[in-house]
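Worksheet for the structure shown next.
Throughout, read-outs are computed from the coordinates displayed, never taken from laboratory work. Please read all numbers here as calculations on a predicted model, not as lab measurements. Using ideal geometry, Cβ is built from the backbone for each residue, glycine included, and neighbour counts are taken over all protein chains shown.
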Amino acid sequence: MSPRIDPWGTNDIEDYRNLFDEFGIESFERFRRKLSDNRYIRRGIIFGHRDFDKIMNSIQKRESFVMMTGLMPSGKFHLGHKMVADQIIFYQEIGAEIFLCSADLEAYVVRGMDLETVRNIATEEYLTNYMALGLKEKNLRFWFQTDYVTPYYRLRDMLSRKVTFSELNAIYGDLTPGKIFSVITQAADILHPQLEEFGGPRPTVVPVGADQDPHLRLTRDLASRFQTEFRFILPSSTYHRFMRGLHGGKMSSSDPKSYIALTDEPKDAINKIMNAKTGGRATVGEQREKGGIPGECMVYDLFLYHLIDDDHKLKRIYEDCISGARICGECKANCAELMVNFLRKHQRRREKAKDAVERILGKR
């Protein structure tokens, strides 16, 4: 029996290549050169896709397409969330219309959070940070799952007709009624941009971590079953590697020491970096002799994912580490300086972004 990926669980994917064979995800390698301006694509952090050819075709022909994503407003907005925000901004810059959903219904029925708290987190943490990072108001549609428009809810209800409990059980395992409702709602999130009321049908891409692939598989199946009613184009998806937590395990919103939030005080970020797991040796002497192991270093991950866009500089850090020319104290100090500069600039932009957030909320 093939292993399950649990979108609500704590998946620790050790070998992403297994996903190609087990679930039919395709390698993203052949798109890397065409989209090399994007750091995550260029460095192989975005590693897989389903049907991305449709999106690439739209990009090259300058034809209309959608990038849809959802945010789970469950806590502080940290660097793991920034990965998705950076991808949203990238797609907007190359011509996509952005559909951005606050999964407040899922937070309520699956995570047991109250709606007022969820909405505050969605706007004050997520949407404000998105705008401060560079997301534009133009060609952006934002909504809450619990407060949207009739065509969306009609589609959600219609989708439930062509899915069975046994099918859901095969994809997800044991499900509560709340999770079933959430799953169908997420399918509507992904497919409704293709309704005529929203300019569809047109290609849609959903960038996710591999743990969310069950939702994409179900949604693609549903799209194929509603060709008569809606002429849906099967949604495309891309898959990115998870950024590890500062201690080397999973980055978790419930463990503030595992992440750097974009609202962290600079001094707190410095402290987290100085206590982060590295790929260093037991002593400086041993490191000089044998070199470090950047693949096991969370500080190097911060450079790789966020802090250094210049590939030549990153390569120099990598080579100096494995040769023993660079030691962990030097690396952490360099990382802390870059992080503090980023946080200070970003937090100033957050203050300026609040007016844009109010305008977006007012348009709904």
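Observations
- With Cα atoms, 0 to 90° folded angle of helix 150-159 axis to the chain main axis: 90 degrees
- Full extension of the chain between Asp355 and Arg32 gives 112.7 nm of extra length, using 0.36 nm per residue less the Cα-Cα distance.
- Under a Gaussian network description of the chain, with springs only between Cα atoms under 10 Å, the residue in Pro177, Pro201, Pro151 that fluctuates furthest is Pro177.
- Once Cα extents along the principal axes in Å is calculated for the structure shown, the corresponding label among (1) 69, 48, 43; (2) 77, 52, 40; (3) 84, 42, 41 turns out to be (1).
- Legend: residue pairs Lys61/Lys250; Lys82/Lys179; Lys277/Lys315; Lys138/Lys267, Cα-Cα distance threshold 28 Å; pairs beyond threshold, Lys61/Lys250; Lys138/Lys267.
- Residues with amide H under 5 Å from that of Leu71, placed H, sequence gap 5 or more: Cys101, Ser102, Ala103
- Exposure proxy ranking, count of Cβ atoms within 10 Å, fewest first, for His306, His81, His312: His312, His306, His81
- Using alpha-carbon coordinates, inclination of helix 52-61 to the longest axis of the chain, degrees: 90 degrees
- Top of Arg62, Arg326, Arg350 by mean-square fluctuation, Gaussian network on the chain, Cα under 10 Å: Arg62
- Beta-bridge orientation, the chain: approximately 35 percent antiparallel, per DSSP, counting only bridges with both partners inside.
- For the chain, modelled as a GNM whose springs connect Cα atoms under 10 angstrom apart, the maximal fluctuation among Glu124, Glu63, Glu106 occurs at Glu63.
- Partner lysines for Lys54 [C-alpha distance under 20 Å; skip if fewer than 8 residues away on the same chain]: Lys34
- Mean residue ellipticity, 222 nm, helices only, the chain: the sum of -39500 (n - 2.57) across DSSP H runs of n ≥ 4, divided by residue count and rounded to 500, is -14000 deg cm²/dmol.
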